[in-house]
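The values are calculated or read from the model by the stated rules, or taken from the named source; none is laboratory data. Treat the numbers as computed from the prediction; the structure is a model and nothing was measured. Glycine gets a Cβ as well: all are built from the backbone with ideal geometry, and neighbour counts include every protein chain shown.
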Amino acid sequence: MTATLALTIGLAVLIGVSLGLLGGGGSILALPLLVYVADLPPKEAIATSLLVVGATSAVGVIPHARAHRVRWRTGLIFGFAGMTGAYAGGRLAEFIPAGFLLTGFAVMMLATAVAMIRGRRGAEGRPVPHELPVLRVVLDGVVVGLVTGLVGAGGGFLVVPALALLGGLPMPVAVGTSLVVIAMKSFAGLAGYLSSVNIDWGLAAAVTAAAIVGSFVGGRLAGRIPADILRKAFGWFVVVMGVFVLGQQLPEELRTSPLLWTGVGVGATVTVALAVLRGRRKPEPRREPAAPVPVGSASRH
């Protein structure tokens, strides 16, 4: 086993930990790992990441299901809708330059990260839905699925916010449900890619096995971490990986500039900090009008 292959397999464990713990982030790790460590061509790496993330998510959902952290109806509807979009995205990716796909991937990661770190305004005190409305689930599923197929993202970094921020599901439940969706959409996106990309099945199998081991570790940790901390950790994790992937698309002279990376780090931190501060501003409490005094209730003197 070469040093590169050993490093790739070792780091693949983190893919599973991320999926099991956060319900996403598997492709965010898998894609850079396969491109920059395993040295695969971008489109082959995207297809391989779909296989790895799909198989790992399918296995990783088991501990969440046992702990009753999966909304099956929501997950399956979202997944079937997402499979349609993912297959179409996988076919469209054949006609789009790889650099454009990776850049779009990174930009969406950063936008989603800010939303996760800010949280869902006004969520406190609202009832938690057992299942989400079908129409909303279908629409979100198709859009997220299209992104999944195009950029090789299993979609967890979009599915988890959709379930937690828009749908109002508790973060641990959003994590478990997202794994059902990710597995379905990843396999559909892979089917779209197989018509134009060849996969190194030996490498894919080794990386998948390592990721599955990590998913069980992440699944056991997921129920022990407070939901708010889990949500913010997910957001910051996506920020770091998004900046890294975006930076890799820059010209060589810019990628090696310490001044640029310092500026990027400061800018990202300030942007997210401002978003967090805005999210913490609580709306002024509504003043209820004074209740009218019933006629004849005043004391007579």
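Hey, could you check segment 71-110 for residues that are within 18 Å of Gly141 (Cα to Cα) and charged (D, E, K, R) and say which is modelled with the lowest pLDDT?
At the first step, the residues of segment 71-110 found to be within 18 Å of Gly141 (Cα to Cα) are 71-92, 105, 108-109.
Those still in the list that are charged (D, E, K, R) too: 71, 73, 91.
Numbers: Arg71: 89, Arg73: 88, Arg91: 81.
Ranking the qualifying residues of segment 71-110, first place goes to Arg91.
If you go through segment 66-85 and pick out every residue that is in a helix (DSSP H, G or I) and touching a Leu at 6+ places or on another chain (Cβ under 9 Å), you end up with 9. All of Ala81, Ala111, Ala86, Ala93 fail the test of being small (Gly, Ala, Ser) and without any contact (Cβ under 8 Å) to a residue 60 or more places away in the chain, apart from Ala111.
I'm checking my understanding of the structure. Among residues of segment 84-117 that are of a type in the set (Phe, Trp, Tyr) and under 18 Å from Thr48 (Cβ atoms), which one is surrounded by the fewest Cβ atoms within 10 Å (Cβ to Cβ)? I'd like the intermediate steps shown before the answer.
Step one: of segment 84-117, the residues of a type in the set (Phe, Trp, Tyr) are 87, 95, 100, 105.
Checking which are under 18 Å from Thr48 (Cβ atoms) leaves us with 87, 105.
Details: Tyr87: 22, Phe105: 25.
Only one residue fits best here, namely Tyr87.
Here Leu40 clears all of (1) in a helix (DSSP H, G or I); (2) closer than 15 Å to Ile199 by Cα except the condition numbered (1).
Comparison of Leu34, Leu19 shows that the only residue that is under 20 Å from Asp200 (Cβ atoms), out of contact with any His (no Cβ under 9 Å at 6 or more places or on another chain) and not polar (S, T, N, Q) is Leu34.
Quick one: would you say Arg224 is assigned to a loop (DSSP other than H, G, I, E, B), of a type in the set (Lys, Arg) and either at pLDDT below 85 or under 18 Å from Gly26 (Cα atoms) (or both)? Spell out how you get there, then give the answer.
Working: assigned to a loop (DSSP other than H, G, I, E, B): yes; of a type in the set (Lys, Arg): yes; either at pLDDT below 85 or under 18 Å from Gly26 (Cα atoms) (or both): yes.
So Arg224 passes the test.
Pick out the one residue from Ala113, Ala47 that is in a helix (DSSP H, G or I) and either under 20 Å from Val238 (Cβ atoms) or at pLDDT below 85 (or both).
The conditions single out Ala113.
Scanning segment 188-216 for residues that are at pLDDT below 85, in a helix (DSSP H, G or I) and surrounded by fewer than 21 Cβ atoms within 10 Å (Cβ to Cβ) yields Ala191, Phe216.
Out of Leu132, Leu166, Leu139, I need the residue that is at pLDDT 75 or above and either buried (at least 16 other Cβ atoms within 10 Å of the Cβ) or touching a helix residue (DSSP H, G or I) at 6+ places or on another chain (Cβ under 9 Å) (or both). Which one?
Details: Leu132 fails: at pLDDT 75 or above; Leu166 fails: at pLDDT 75 or above.
It is Leu139.
Can we say Leu19 is within 28 Å of Ala3 (Cα to Cα) and more than 13 Å from the chain's Cα centre (by Cα)?
Answer is no for this residue.
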